[in-house]
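**Student:** One structure follows; several queries about it will come next.
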Amino acid sequence: MRRALPGFSYTLHQPVTEAIADHLPVTLSLAVGALAVIVVLGVGTGLVSALRRGSRTDRTLSAFTLVGASVQIYFLGYALQYLLV
């Protein structure tokens with residue numbers, strides 16, 4: 001009977017499970033940080049749009065939200081790196 005072990009990483013010279021365990025805390029902290037930013041921005045944008053319904057601010061925020069949701073994620077990542085770095 002075969003076991004489903006990930007194997008050995010020849011690049012890192014260690015078992016894959018150890019490599020995953022080594023990098024998992026950083027990955028989780030990055031994911032939680034990104035989630036916190038997204039929640040704060042999403043709730044803030046939603047509140048402002050709800051309080052100023054039909055105004056220029058509401059239409060502008062709705063347009064930015066639509067563009068952000070429609071643009072492919074890899075293009076948005078490159079654009080944000082270019083603008084922020």
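The values are calculated or read from the model by the stated rules, or taken from the named source; none is laboratory data. Worth saying up front: this structure is predicted, and the values here are computed from it rather than measured. Heads up, the Cβs are rebuilt from the backbone with ideal geometry, glycines too, and the neighbour counts pull from every protein chain shown.
**Student:** Being surrounded by 10 or more Cβ atoms within 10 Å (Cβ to Cβ) and not in a helix (DSSP H, G or I) is the filter here, so list the residues in region 66-84 that pass it.
**Tutor:** Matches in region 66-84: V71 only.
**Student:** Moving on. Looking for whichever is farther than 30 Å from L5 by Cβ, at pLDDT 90 or above and not aliphatic (A, V, I, L, M) here; the options are G77, G46. Which one fits?
**Tutor:** Residue meeting the stated conditions: G46.
**Student:** Search region 55-80 for residues that are on the phi > 0 side of the Ramachandran plot and pair each with any residue that is surrounded by 11 or more Cβ atoms within 10 Å (Cβ to Cβ) and assigned to a loop (DSSP other than H, G, I, E, B) when their beta-carbon atoms are under 9 Å apart and the residues are at least 6 apart or on different chains.
**Tutor:** Cβ pairs passing all conditions: none.
**Student:** Any chance you could count how many residues in region 36-65 are part of a helix (DSSP H, G or I), exposed (fewer than 11 other Cβ atoms within 10 Å of the Cβ) and either touching a strand residue (DSSP E or B) at 6+ places or on another chain (Cβ under 7 Å) or among the small types (G, A, S) (or both)?
**Tutor:** 3
Each row is one residue, and each column tells you yes or no for (1) under 30 Å from L61 (Cα atoms); (2) in contact with a helix residue (DSSP H, G or I) (Cβ under 7 Å, 6 or more places away or on another chain).
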position	(1), (2)
S9	no, yes
H23	no, no
S29	yes, no
A34	yes, no
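**Student:** Take the residues in region 9-31 that are of a type in the set (V, I, T) and surrounded by 10 or more Cβ atoms within 10 Å (Cβ to Cβ); name whichever of them is nearest to F64 (Cα to Cα).
**Tutor:** That would be T27.
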